[in-house]
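The values are calculated or read from the model by the stated rules, or taken from the named source; none is laboratory data. Just so you know, these numbers come straight off a predicted model, no measurement behind them. Methodologically, a virtual Cβ is constructed for each residue, glycine included, from the backbone with ideal geometry; neighbour enumeration extends over all protein chains shown. When the accessible area is computed, the model is the full protein with side chains, heavy atoms only, and any ligands, DNA or RNA have been set aside. Shrake-Rupley method; radii C 1.70, N 1.55, O 1.52, S 1.80 Å.
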Amino acid sequence: MLNRLFRELRIEFYWVKKELTRRWHLDTPIGIVGVIVLLSGLGLFLLIGQGIAKIFRAAIPWVTGNSVSTVYWSSIGLALKVSFVFLVFATSLLLLFWLKTHYRR
């Protein structure tokens, strides 16, 4: 009975994968780059929100001696993470625009 359930689930996942691939064009370079743009944009949005919240929480009580270094290094870490994710986002967005205009010509 368990084998029958696994077989039914495999068949269902096969058709779900086929439908998603067909509907979102995930078998083309434009579809794959579009997914990368979407995920990196969402990651950038979440990363910026978390960084602002972290710096705001650390700076609410007047920043004094020990917490100065915490705020400083958290802002440096945030800047490095945001710059990397923004670089991925911008590159994938440019690649998406380029593929949209030059694909199949």
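Taking the accessible area of the stretch 27-104, probe 1.4 Å, and keeping the other protein chains in place, the carbon and sulfur fraction comes to 78%. Residues of the stretch 8-23 with an amide N closer than 20 Å to a point placed 7 Å from the Cα of residue 104 along the Cα-to-Cβ direction: 18-23.
A 1.4 Å probe run over the chain, with the rest of the protein chains in place, finds 85 Å² accessible per residue. Rounded, prolate or oblate for the chain? Axes are the square roots of the Cα gyration tensor eigenvalues, ordered a ≥ b ≥ c, and the cut-off for rounded is a/c under 1.5. Judged from the Cα gyration tensor, the chain comes out oblate (a/c at least 1.5, b/c at or above a/b).
Please compute the net charge surrounding residue 24, taking Lys and Arg as +1 and Asp and Glu as -1 over other residues with Cβ under 13 Å from its Cβ. If you can, show how the numbers build up before the last one.
Values: positive: 17, 18, 22, 23; negative: 19, 27.
Computed value for this residue: +2.
Taking chymotrypsin sites (Phe, Trp or Tyr not before Pro) across the chain, the ones in a DSSP loop with at most 14 further Cβ atoms lying within 10 angstrom of their Cβ are 62, 103.
Extension gain, residue 67-residue 91: 0.36 nm per intervening residue step, less the Cα-Cα distance, totals 5.1 nm.
Helices meeting the span-like rule in the chain (full DSSP H runs, Cα extent of at least 30 Å along the helix axis, mean Kyte-Doolittle score of 0.5 or higher): 29-59, 65-102.
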